[in-house]
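First the structure, in the form of structure tokens, and then the observations on it.
The values are calculated or read from the model by the stated rules, or taken from the named source; none is laboratory data. What you see is a predicted model; the values in this text were computed from it and never measured. Reconstructed Cβ throughout: ideal geometry from the backbone, glycine too, with neighbour counts over all protein chains shown. Only protein heavy atoms, including side chains, enter the accessible area calculation; ligands, DNA and RNA are left aside. Shrake-Rupley method; radii C 1.70, N 1.55, O 1.52, S 1.80 Å.
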Amino acid sequence: MKQTVKWLKIFTIVTILLIAGCSNRTTNTTDSKKKGDTSGGTLIYGRATDTVTLDPHNLIDAESSRISKNIFETLIDYEKEGTEVVPKLAKEWSISDDGKVWTFKLQDNVKFHDGTDFNADAVVYNFNRMMDESHPQHQGDFSIFNRTFKGVIQEVKAIDPQTVQFTLTAASATFLPNMGITTFGIISPTALKEYGENIKDHPVGTGPFKYEEWKQNDAVTLAKNENYWVKGLPKLDKVMFKVIPDNSTRLTALKNGEIDLMDGLNQTDLPSVDKDPNLQLFKRPAGSLGYLTFNLAKPPYDNVKVRQAINHAINKQGIIDTFYGSVAKPAKNMLPPFIWGYNEDVKGYDYNPEKAKQLLGEAGFPDGFDTEFWIMSTERSYFPQPTKVAEALKSDLAKVGINVKIVSFEWATYLSKLTKAEFPFAGIGRISENGDPDNFLFTMLSSESVQNRSMYKNEKVDELLRKAQTTIDKVERTKLYKEVQVLVHEDAPTIPLAYVETPMAGGKYVKGYIPHAIGYESLADVYLEK
């Protein structure tokens, strides 16, 4: 007998999408429409950095996910203003008593952008692409799949055209929420067969918008899916994601009407946006964390006292007051308070340069040492002014004898170098993909995770994280995650810097936009009222 989980509401979650350049805003919006008209037009979204890939199965970054979220859809999704699971391409599902078999009933009459049918065979083809190394389209690293589902999914099979079944190796508490991560968007098998590894430049999904053009380091343009399976959506004709690296320049473009929506506001600009009658201020829920990571494979960061010393040497509150403002709070755990399982009882490292000097002396570095600190060159939501934050860190560390050389790279290069663990000490961040603690703690701290930037390995932490993945009871899982946070705090493989409630701005005429905690959202419900 199976326990059936059915959901009554089916809707499309909103997403932040970006842009292709244009010099005159009046040629791209609904200026010709009467006030109150809610259909058509082009939304231009300003962002700091470009997309890395349009292949959802191989993305690892938020900028790629913004685009993917609007082109591709997953079997399940999350509430518009929360992280509870809701239907998407699957309209309902059931789970076997032993927790190992999940059966999904799929939506009817859904087609890919190329006109081919979405069905159970398409789901099987996509997951086999990620699971099976002999699959003809198994090109890429599939990093997120390997982190979440490798060794978890045993088999995926089509029961009938509208029913797909996943058999797991063991019961999994994270299986369902992980299914909504953007990387598991379903690609047209026909397109995969035609384009192969070049699918990254020719994305074909079932989402509200279709791919039109990508001018690298300039803009990505998506067009309305006229045959979208959700009636009445999307409301826009196009969305364009425009790269404008500098926050202040981006805000000027918004004020001049050259773009409609933007992220990456400087904290000093919040009051002026709030007071501007032509603009509106949005705040993305604090599901993101900015942090510093040591590379434990490179001395002296293999010494825990050095890591603890640097934790004490950095004035988090001063950095937040100067560069983040009221939208951020000092962090002490590698999990935002927004996510359940947060351990409030952990006592953060206080700003104490004298304590830092003492620990450096005990570690064998009484006079400090020279090091490099790596940072991205353009703003991220968790690092609004990365170069300036790096300069502040350099100043703090100089006070305890650590001489820092700042090294910066553009976003795609930076991600690649971090993945290869080439750095000694670096700044990075994480945005919740699904609202589950595993998505932060396992991803950043398990020795099995490719996104464990610090190369941290603690057998007890690994054991607890794996146990939490197979423990269905939420109370018990919470205990496990709280214990992990205590152990990690003592080992200090990272420095949690700031929990960020990301500020955004848009024209008053932008309606229906709800920023989501996962860092990006579908723009299907958004419209321009002009």
Problem - Where Phe184 falls short, out of the listed (1) farther than 23 Å from Ser65 by Cβ; (2) crowded, with 20+ Cβ neighbours inside 10 Å - result: (1)
Handout entry: Subset tally (residues that are open to solvent by less than 60 Å² (accessible area, probe 1.4 Å) and either touching a residue at least 40 places away in the same chain (Cβ under 8 Å) or closer than 29 Å to Tyr78 by Cα (or both)) for segment 384-415
Key = 15
Practice task
Just one of (1) among the basic types (Lys, Arg); (2) touching a residue at least 24 places away in the same chain (Cβ under 8 Å); (3) under 27 Å from Ile472 (Cα atoms) trips up Lys150, so point out which.
Solution key: (2)
Exercise for the section: State yes or no: is Lys235 open to solvent by 60 Å² or more (accessible area, probe 1.4 Å) and either part of a helix (DSSP H, G or I) or touching an Asp or Glu at 6+ places or on another chain (Cβ under 9 Å) (or both)? Expected result: yes
Exercise for the section: Look at Leu289 and say whether it is in contact (Cβ under 8 Å) with a residue 24 or more places away in the chain, crowded, with 23+ Cβ neighbours inside 10 Å and closer than 13 Å to Pro496 by Cβ. Expected result: yes
Exercise for the section: Kindly check whether there is at least one residue in segment 488-497 that is in a loop (DSSP other than H, G, I, E, B), open to solvent by 10 Å² or more (accessible area, probe 1.4 Å), of a type outside the set (Lys, Arg) and more than 23 Å from Leu43 (Cβ to Cβ). Expected result: no
Handout entry: Those residues of segment 49-58 which are touching a Gly at 6+ places or on another chain (Cβ under 9 Å) and open to solvent by less than 10 Å² (accessible area, probe 1.4 Å), in sequence order
Key = Asp55, Pro56, His57
Practice task
Scan (1) in contact with an Asp or Glu (Cβ under 7 Å, 6 or more places away or on another chain); (2) at pLDDT 95 or above for the single condition Thr502 breaks and write down its number.
Solution key: (2)
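Given the options Tyr499, Tyr527, name the one that is closer than 30 Å to Tyr211 by Cβ and in contact (Cβ under 8 Å) with a residue 12 or more places away in the chain. Before you say what the answer is, go through the steps one by one.
Numbers: Tyr499 fails: closer than 30 Å to Tyr211 by Cβ.
Only one candidate passes the filter, namely Tyr527.
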Problem - Options Lys305, Lys298; residue that is modelled with pLDDT of 95 or more, more than 23 Å from the chain's Cα centre (by Cα) and more than 16 Å from Tyr349 (Cβ to Cβ) - result: Lys298
Exercise for the section: Tally the residues that are in contact with a His (Cβ under 7 Å, 6 or more places away or on another chain) and in a helix (DSSP H, G or I), restricting the search to segment 191-229. Expected result: 2
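Just need a number here: residues in segment 425-458 that are open to solvent by 30 Å² or more (accessible area, probe 1.4 Å) and either in a strand (DSSP E or B) or modelled with pLDDT of 95 or more (or both).
4
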Completion exercise
Conditions (1) closer than 24 Å to Leu265 by Cα; (2) touching a strand residue (DSSP E or B) at 6+ places or on another chain (Cβ under 9 Å); (3) charged (D, E, K, R) -> Lys405 fails only (1)
Handout entry: Test for Asn458: is it out of contact with any Phe, Trp or Tyr (no Cβ under 8 Å at 6 or more places or on another chain) and in contact (Cβ under 8 Å) with a residue 40 or more places away in the chain
Key = no
Problem - Selection from segment 446-502 of residues that are among the polar types (S, T, N, Q), in contact with a helix residue (DSSP H, G or I) (Cβ under 7 Å, 6 or more places away or on another chain) and under 21 Å from Gly99 (Cα atoms) - result: Gln469, Thr471
Problem - When residues of segment 80-95 are limited to those that are open to solvent by 20 Å² or more (accessible area, probe 1.4 Å) and at pLDDT 95 or above, the one nearest to Val526 (Cα to Cα) - result: Lys91
Problem - Residue satisfying all of: in segment 169-181; open to solvent by less than 10 Å² (accessible area, probe 1.4 Å) and in a helix (DSSP H, G or I); farthest from Trp214 (Cα to Cα) among these - result: Phe175
Exercise for the section: Would you point out which residue out of Glu422, Glu379 is surrounded by fewer than 17 Cβ atoms within 10 Å (Cβ to Cβ), over 23 Å from Glu354 (Cβ atoms) and among the acidic types (Asp, Glu)? Expected result: Glu422
Practice task
Only one of these is open to solvent by less than 10 Å² (accessible area, probe 1.4 Å), at pLDDT 95 or above, touching a helix residue (DSSP H, G or I) at 6+ places or on another chain (Cβ under 8 Å) and within 28 Å of Asn225 (Cα to Cα): Phe166, Phe118, Phe149, Phe142. Name it.
Solution key: Phe142
Handout entry: Single condition Asn126 does not satisfy, out of (1) free of Cβ contacts under 8 Å to residues at least 60 places away in the same chain; (2) under 19 Å from Glu194 (Cα atoms)
Key = (1)
Problem - Matching residues in segment 257-272 - criterion: being open to solvent by less than 30 Å² (accessible area, probe 1.4 Å), at pLDDT 95 or above and within 27 Å of the chain's Cα centre (by Cα) - result: Ile259, Asp260, Leu261, Met262
Completion exercise
Only one of (1) in contact (Cβ under 8 Å) with a residue 60 or more places away in the chain; (2) closer than 18 Å to Asn311 by Cβ; (3) open to solvent by 30 Å² or more (accessible area, probe 1.4 Å) does not apply to Trp340, and that is (2)
Exercise for the section: Inspect segment 244-257 for any residue being small (Gly, Ala, Ser), in contact (Cβ under 8 Å) with a residue 12 or more places away in the chain, part of a helix (DSSP H, G or I) and within 26 Å of Tyr499 (Cα to Cα) and give the result as yes or no. Expected result: yes
